[in-house]
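Taking it in order: structure first as structure tokens, then the write-up.
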Amino acid sequence: MSQPFCHMHGPEHHVMVGAALLTAYKNAGGNLNLESALSEMQSRGREVPGGVCGFWGACGAGISSGIFVSIVTGSTPLAKEAWGLSNQMTSAALAKIGAVGGPRCCKRDSNLAILAAVDFAREYLHVEMETSPVRCRRSTENNQCIGSHCPFFAG
């Protein structure tokens with residue numbers, strides 16, 4: 001997230017969340033061809049436009065976590081269990097993001113989606129991915145920062 005191509009807000013998060021989750025999943029022992037999975041994540045995530053959080057009511061970071069589950073489970077529109085899991089993942093991430101409220105912060109929402117996916121992967125995919133405490137160091141760069149209402153606000 002600290003790379004120059006990654007802006008405070010932007011659709012690059014719609015790919016990065018899923019890519020980070022796919023990499024962590026593989027590193028935690030998940031059965032996955034990482035190279036093809038990352039390629040698929042980029043293809044799908046790039047289709048999620050910027051601003052969907054406010055205009056469609058579904059944050060792209062949350063959608064990206066659902067794409068992650070879709071890829072690792074091999075979901076398709078005709079799948080039964082995998083289709084349900086993918087949608088449940090998106091729902092779980094969006095619930096966490098929505099509970100914090102707006103306005104937008106792609107960094108905050110990305111972290112919320114990732115943490116929701118780590119819990120989801122443990123419970124439903126039986127893969128334990130590591131986490132570390134998240135502390136935001138970018139609040140001064142975000143004109144819409146919600147400050148102490150953000151679970152990652154460091155002050």
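The values are calculated or read from the model by the stated rules, or taken from the named source; none is laboratory data. This is a predicted model, so every value here is computed, not measured. Note that we place each Cβ from the backbone using ideal geometry, even for glycine, and neighbour counts take in every protein chain shown. Calculation scope for accessible area: heavy atoms of the full protein, side chains included, ligands and nucleic acids excluded. Shrake-Rupley method; radii C 1.70, N 1.55, O 1.52, S 1.80 Å.
Note on M8 and S43: the extension gain reaches 10.4 nm, defined as 0.36 nm multiplied by sequence separation minus the Cα-Cα distance.
Return a whole-number percent for the relative contact order of the chain, with Cα pairs under 8 Å and 6 or more residues apart as the contact set. List each step's numbers first, then the result.
On the way: 210 pairs, mean separation 37.6, N = 155.
It rounds to 24 percent for the chain.
Ignoring ligands, DNA and RNA, what percent of the 1.4 Å accessible area of the chain is carbon and sulfur? If you can, show how the numbers build up before the last one.
On the way: 4420 of 8490 Å².
Here it works out to 52 percent.
Ellipticity at 222 nm from helices only: DSSP H runs of n ≥ 4 in the chain, each -39500 (n - 2.57), divided by the residue count, give -16500 deg cm²/dmol.
Starting from the Kirkwood Rh over alpha-carbon pairs, what translational D in µm² s⁻¹ does the chain have by Stokes-Einstein at 10 °C and 1.306 mPa s? Rounded, D is 102 µm²/s.
Cysteine residues of the chain whose Cβ has no partner cysteine Cβ closer than 4.7 Å: C6, C105, C106, C136, C145, C150. Pairwise Cα distances in region 74-130 exceed 19 Å in 35 percent of cases. Split the chain at each of the trypsin sites (Lys or Arg not before Pro) in a DSSP loop with at most 11 other beta carbon atoms within 10 Å, and the longest piece is 1-79. To the nearest 10 degrees, how steeply does helix 34-45 sit against the main Cα axis of the chain, on a 0 to 90 scale? Once rounded, the angle reads 60 degrees. Angle of helix 106-120 to the longest C-alpha principal axis of the chain, folded into 0 to 90 degrees and rounded to 10: 40°.
Can you pull out the chymotrypsin sites (Phe, Trp or Tyr not before Pro) in region 4-75 whose DSSP state is coil and whose Cβ has at most 14 other Cβ atoms within 10 Å? Don't skip to the end; give the middle numbers.
Numbers: sites: F5, Y25, F55, W56, F68; in loops: F5, W56.
In loop regions of region 4-75 (DSSP not H, G, I, E or B), the sparsely surrounded chymotrypsin sites (Phe, Trp or Tyr not before Pro) are F5, W56.
Based on the Stokes-Einstein relation at 10 °C and a viscosity of 1.306 mPa s, and on the Kirkwood radius from alpha carbon pairs, region 107-155 is assigned a translational diffusion coefficient of 132 µm²/s.
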